[in-house]
Amino acid sequence: MPIREMKESDLPRVLEIQQELAFQDWDAPLFATKIHANYALCVVYETDSDQGTPQINGYAVFHLLGSDSELLSIAVSRDCQHKGIGKMLLDAGLSRLSPEEKDRCFLEVREGNSTARKFYEKNGFKLYGDRKNYYSDGENACLYSIELESQIN
Ligand SMILES: CC(C)(COP(=O)(O)OP(=O)(O)OC[C@H]1O[C@@H](n2cnc3c(N)ncnc32)[C@H](O)[C@@H]1OP(=O)(O)O)[C@@H](O)C(=O)NCCC(=O)NCCS
């Protein structure tokens, strides 16, 4: 599977994907903090481009919260979406968790982000609540979680 841990040298392309999708505004130092933190897991999806040079087309960032984890960010560049890369990033990230970290995974997503919500629901996440006016523009957050014990072994 063309998924590996994120490196600082990946950040220009990671930031480019984030900017293309305009769904989050993390800066390079914030990503770098996550890359080096022992409480975070950052992965990228990398394939050879047509020219044969490696190209990153997606990434995911998880926080490790003891027996639980949180998916903080997942993104796939627009022209590579709907090919199963998002699912690969999700599965690869969750499968890298140690057995002690595999109780549940949580995430929050904008109420209006129907593509991401459908993606999470299709991959087993269940809606368990919301946070009103959570985002700076007043949009609500939807809260999802997945029980992992039955999903990954
Ligand atoms: C959410 C996101 C990461 C999903 O990535 P993705 O790579 O498109 O995800 P997948 O390809 O695994 O699944 C998406 C859809 O493609 C379909 N699909 C998967 N493989 C496929 C294939 N080979 N051929 C056709 N369709 C396929 C899936 O069944 C799924 O279908 P759905 O539209 O019915 O849900 C992506 O939409 C994204 O980057 N969004 C912008 C950023 C964002 O909002 N992130 C979440 C908030 S942090």
By residue number, the members of the range 94-110 that are away from the ligand (no atom under 12 Å from the Cβ) and either in contact with a strand residue (DSSP E or B) (Cβ under 9 Å, 6 or more places away or on another chain) or in a loop (DSSP other than H, G, I, E, B) (or both) are Leu94, Arg96, Leu97, Ser98, Glu101, Lys102, Asp103, Arg104, Cys105, Phe106
Can we say Asp91 is part of a loop (DSSP other than H, G, I, E, B), among the acidic types (Asp, Glu) and within 15 Å of the ligand (Cβ to nearest atom)?
-> no
Counting only residues that are over 8 Å from the mean Cα position of the chain (by Cα) and farther than 15 Å from Leu15 by Cα, how many does the range 55-83 have?
-> 13
From the list Leu127, Leu97, Leu143, Leu107, which residue is of a type in the set (A, V, I, L, M) and modelled with pLDDT under 95?
-> Leu97
Enumeration of residues in the range 120-134 that are open to solvent by less than 50 Å² (accessible area, probe 1.4 Å) and within 18 Å of the chain's Cα centre (by Cα) = Tyr120, Asn123, Gly124, Phe125
Hey, does the range 137-152 have a residue that's among the β-branched types (Val, Ile, Thr) and within 13 Å of Phe23 (Cα to Cα)?
-> no
Starting from the range 103-131, keep only residues that are under 21 Å from Val76 (Cβ atoms), then list their pairs with residues that are near the ligand (Cβ under 8 Å from one of its atoms) and in a strand (DSSP E or B) whose Cβ atoms are within a distance under 7 Å, requiring at least 6 positions of separation or different chains.
-> Cys105/Leu71; Leu107/Leu71; Ala116/Val109; Arg117/Val109; Tyr120/Leu107; Tyr120/Val109; Phe125/Leu107
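The values are calculated or read from the model by the stated rules, or taken from the named source; none is laboratory data. It should be emphasised that the depicted structure is a prediction, and the values quoted were computed from it without experimental measurement. Note that we place each Cβ from the backbone using ideal geometry, even for glycine, and neighbour counts take in every protein chain shown. With ligands, DNA and RNA removed, areas are computed over all heavy atoms of the protein, side chains included. Shrake-Rupley method; radii C 1.70, N 1.55, O 1.52, S 1.80 Å.
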